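This report refers to the structure that appears directly beneath it.
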Amino acid sequence: MATLIRDRKILTVDAAAQTMRTMLGEAVSLERYIRSLTGRPLEAATQQDWLAAIAALVRAQIAERWATSAEVPRPIGVKRICYLSMEFLPGRLLVHALQNLGLHESCRETLFRHGLDLETIVELEADPALGNGGLGRLAACLLESMANLGLPAYGYGIRYDCGLFAQHIEDGWQVERPDPWLRHGNPWEIPRRELAYPVKFRGRVVEQGSGGRSRRDWVETEEILATAYDMPVPGHQSERVNTLRLWSPRAAHEFNLRSFNDGDHDGAFSRRNAIESLSQVLYPSDATPAGRELRFKQEFFFVSASVQDILRRFQHAHASFDQLPDKLVVQINDTHPSLAIAEFMRLLVDVHRLEWERAWSITRRTFAYTNHTLMPEALEVWPVRLFETLLPRHLQLIYEINDRFLREVARRRPGDGALLRRISLVDEEGERRIRMAHLAIAGSQAVNGVSKIHTHLMKETTFADFAALYPDKIVNVTNGITFRRWLHEANPALVALVRSRIGDRWLTDPDHLAALAPHAEDAAFRAAFRAVKHGNKARLAEVVARECGIEVEFDSLFDVHVKRIHEYKRQLLKLLHVTALYDRIRNSVSPEPTPRTVIFAGKAAPGYTMAKLIVKLIHDVAEVVNNDPVVGGRIKVIFIPDYNVSKAQKIIPAADLSEQISTVGHEASGTGNMKLALNGALTIGTLDGANIEIREAVGAENFFAFGLSAGEAARLRATGYDPWKHYHGDAELKGALDLIASGHFSPSQPDLFKPVVDALTKGGDPYLVFADFTSYLRCQEKVETLYRCPEEWTRRAILNVAAVGGFSSDHAVRNYAEQIWKADLSILAPSEPPQLMATDAAD
Ligand code: NBG
């Protein structure tokens, strides 16, 4: 260890890898290291000890580059990006880091000499579940790409103790258990105990002085300390290692010794526990007022600490706040961090005593907001009542922002009272509430959607008033994924095959994947491509056998529907399709179905009853279909529990068919669709989110599109949609639904799925499942026909891989830089000697 960090010498990646290779290559050093780590003889070392030792050695390598990244002067014109997000799903880091440092093979060899294998060891690493789904994974992909492109960036979030729940399945039902991902510690994090900021709540506001010299003080507050824990985010092509800074709460005073001494033992401890419970879990159920209050506090807790940190570091290097918008950007990931805008204003106005206009101009030019959904229930609105109790000063600031904002709107659209009511930051109907999306838009220089259609819908529907007033403010940046994780790490066999044909240029410039297209015409290449897919399917089959106790047939079509369980993502449409196929087999209707393995995975929000019932239905359908001798294994339904980044890395490379079947207009973008296409799955999808752009890229002939367009869906709804008409008009749909309604899949409780059946019929089928069913079934028939021609299927799969280079998150980051951050990335290229300015050493 000591040799690695001696003299704070700056190692190049190559030199670091060389040193590391030597250490890992010498059994003695690793042995000695494990002994010193555990204080026990080597023979007593557990696999967990090996993991800890390797991770610590790797971290030491990264830490060198990390320290250097903070020391190296930042070129003039390069802004620092501060990415605020309630969620991050970074996935396991060991393999990523080993590959990054070029140490993967040497590590494998060393372990092999000790009778261990790397695959087993890496499986022991906890997968940090600090997010729900796409939004959190996008944050991780963007951070990784920023480091890769050499852009200085900080991710800011919460160090949840348990993160999202671990999903267990009991008798087909989802059961949520805590996921103590920190049980064995987090080998990657560095606690920065010295870096702590007070976060205030409650109290009251007093006005001091009068007239132009008056000021507001927020007094008698309760304080919590936010302590930083840093995780490295190493870039691959650049030497840069960025930081993911996660905040953990601590009582400002260790605990109340006086109450303790007075005999109030429980009280003294319970106050401390209440503070620390702030970061216990991600998304505490917001079904209760206490749950909602906790979430609101979580949001403020992390943005307050982050904004204080951002301003402290800025002040360290710069003389005037006026320079702020030229030096950094605060990008807020959905509305969850939008309180940051009010907190930023509070610090500038109340603490640093800037005049309002100046502070607002700086704030507005520093913040940018990404919207990730238009679903009304996900657009946050917080009751004024909550502000009054917990953040009274911020409520005043928001009112002031709103006042000025509405005056500006009124100047531009005189006499339009309805517009003012619609656009106001305060919803006055019923209980008064603050519209967080409106605060985010008013306080940002730019707002972006995450796919072309989503951005278009933002401008046409939910945010049409803003778009009319500020035509250039809403822009599109389609999401992307990091190929380092979703191809290089997840699918090494495919990477090797692609390199053998088109060399390495695409590794650094994914657009060059296009060079693969001509090879789709080569039968030998197609055979090799199929062999890779087959290997990945075999690997997944092992997981399925282990986790679900079900044998699957590798030659069957692996039909994959993996994502959060939600009605708009239409797991029900997939289930109706499975049921219809099953009904065909039972009734001996030709044609004979192509053998299929339908793979579901995903979590249902704990308070979302319908989603949990859908999980149960998947299991009950699986139970019947998988065991019915008439089916004879031709259709199998699998549910892989506890979906997370690591599981995704195993499922996605094995997929033949990618199910992207959301109700049109509902999926903001999707990123699973990109990962699956990149790994050679063909997509069956609606014209929704990024599906549209994927289809454009790969060519309509290589994509199975079905269902209503956004316009058709809108017209259908406007003219009165009647699901019964579809039910009576399609015998297969009727048959499938009747089978579910009859209790065929739930014989001991025939009414169990009545709520599902009712939602689709009497409930008006709000997600248009029936409207798209027939088109989906026909499209699936085309899928089956094509799958029976392996050569043509493979040809199209290869063309998909070749065409999706544009969906790399490096590309997305370049788009953010160009359109929103106004940051010139070309000066980061090593070929051009940069002009230098202050360093990040204040970190
Ligand atoms: C999700 C969308 C996805 C999108 C990701 C990342 C939320 C609120 N939104 O379609 O549903 O791909 O964000 O942008 O989780």
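Just a few scattered comments:
- Complete set of residues in the stretch 440-456 that are more than 12 Å from the ligand (Cβ to nearest atom) and part of a helix (DSSP H, G or I): ALA440, ILE441, ALA442, LYS452, HIS456
- Taking the stretch 162-214 as the range and being more than 30 Å from HIS352 (Cβ to Cβ), of a type in the set (S, T, N, Q) and assigned to a loop (DSSP other than H, G, I, E, B) as the test, only ASN186 passes.
- Within the stretch 461-484, one or more residues are modelled with pLDDT of 95 or more, closer than 23 Å to LYS822 by Cα and of a type in the set (Asp, Glu).
- The set of residues from the stretch 357-370 being in a helix (DSSP H, G or I) and either more than 30 Å from ARG213 (Cβ to Cβ) or out of contact with any helix residue (DSSP H, G or I) (no Cβ under 6 Å at 6 or more places or on another chain) (or both) comprises GLU357, ARG358, TRP360, SER361, ARG364.
- The set of residues in the stretch 797-830 that are hydroxyl-bearing (Ser, Thr, Tyr) and buried (at least 19 other Cβ atoms within 10 Å of the Cβ) comprises SER808, SER809, TYR816.
- Scan of the stretch 482-541 for residues that are β-branched (Val, Ile, Thr) and more than 25 Å from the chain's Cα centre (by Cα), ordered by number: VAL498, ILE502, VAL532
- Whichever residue in the stretch 671-694 is assigned to a strand (DSSP E or B) and away from the ligand (no atom under 16 Å from the Cβ) and, among such residues, is nearest to LEU786 (Cα to Cα): LEU682
- Here is the figure for the stretch 696-732: residues that are within 16 Å of the ligand (Cβ to nearest atom) and among the basic types (Lys, Arg) total 0.
- Within the stretch 627-643, considering residues that are in a loop (DSSP other than H, G, I, E, B) and of a type in the set (A, V, I, L, M, F, W, C), the one nearest to GLU553 (Cα to Cα): VAL631
- Exclusive hit being under 21 Å from the mean Cα position of the chain (by Cα), crowded, with 23+ Cβ neighbours inside 10 Å and away from the ligand (no atom under 13 Å from the Cβ), set ALA655, ALA668, ALA622: ALA655
- Residue, nearest to the chain's Cα centre (by Cα), within the stretch 570-609, restricted to residues that are assigned to a helix (DSSP H, G or I) and charged (D, E, K, R): LYS574
- Of residues in the stretch 183-211 being more than 30 Å from the chain's Cα centre (by Cα) and modelled with pLDDT under 95, the one surrounded by the fewest Cβ atoms within 10 Å (Cβ to Cβ): GLY211
- Top-ranked residue of the stretch 118-137 - restricted to ones that are of a type outside the set (D, E, K, R) and within 20 Å of ASN479 (Cα to Cα), ranked as farthest from the ligand (Cβ to nearest atom): LEU130
- Any hit, the stretch 103-114, residues being closer than 26 Å to THR366 by Cβ, touching a Leu at 6+ places or on another chain (Cβ under 6 Å) and not in a loop (DSSP other than H, G, I, E, B): no
- Considering the conditions (1) more than 27 Å from the chain's Cα centre (by Cα); (2) surrounded by 14 or more Cβ atoms within 10 Å (Cβ to Cβ), ASN476 is excluded by exactly one of them, (1).
- Of all residues in the stretch 464-493, those that are over 20 Å from ASN673 (Cα atoms) and free of Cβ contacts under 8 Å to residues at least 12 places away in the same chain have Cβ atoms under 8 Å from Cβ atoms of residues that are away from the ligand (no atom under 16 Å from the Cβ) and not hydroxyl-bearing (Ser, Thr, Tyr), 6 or more apart or on another chain, in ALA467/LYS459; ALA467/GLU460; ALA467/LYS473.
- Against the test of being surrounded by fewer than 21 Cβ atoms within 10 Å (Cβ to Cβ), within 26 Å of LEU339 (Cβ to Cβ) and more than 16 Å from the ligand (Cβ to nearest atom), the options LEU497, LEU406 yield a single qualifying residue, LEU406.
- Restricting the stretch 583-623 to residues that are touching a Ser or Thr at 6+ places or on another chain (Cβ under 9 Å) and among the hydrophobic types (A, V, I, L, M, F, W, C), the residue that is nearest to LEU760 (Cα to Cα) is LEU617.
- The criterion of at least 3 residues that are out of contact with any Gly (no Cβ under 7 Å at 6 or more places or on another chain) and touching a residue at least 60 places away in the same chain (Cβ under 8 Å) is met by the following helices (runs of 4 or more DSSP H) wholly inside the stretch 695-797: 731-741, 754-760, 769-787.
- Helices (runs of 4 or more DSSP H) wholly inside the stretch 1-100 containing at least 2 residues that are within 30 Å of GLN649 (Cα to Cα), at pLDDT 70 or above and out of contact with any Ser or Thr (no Cβ under 9 Å at 6 or more places or on another chain): 47-71, 94-100
- Taking the stretch 457-494 as the range and being within 16 Å of the ligand (Cβ to nearest atom), among the aromatic types (Phe, Trp, Tyr) and in contact with a helix residue (DSSP H, G or I) (Cβ under 6 Å, 6 or more places away or on another chain) as the test, only TRP486 passes.
- Number of the exception - SER106 against (1) away from the ligand (no atom under 16 Å from the Cβ); (2) surrounded by fewer than 19 Cβ atoms within 10 Å (Cβ to Cβ); (3) within 17 Å of MET86 (Cα to Cα): (3)
- Cβ separations smaller than 7 Å between residues 6+ apart or across chains give the following pairs from the stretch 371-384 residues that are part of a helix (DSSP H, G or I) to residues that are basic (Lys, Arg) and more than 8 Å from the ligand (Cβ to nearest atom): VAL384/ARG432; VAL384/ARG433.
The values are calculated or read from the model by the stated rules, or taken from the named source; none is laboratory data. In this text the structure is predicted, and so the values were computed from the model without any measurement. Glycine also receives a Cβ, built like all others from the backbone with ideal geometry; neighbour counts cover every protein chain displayed.
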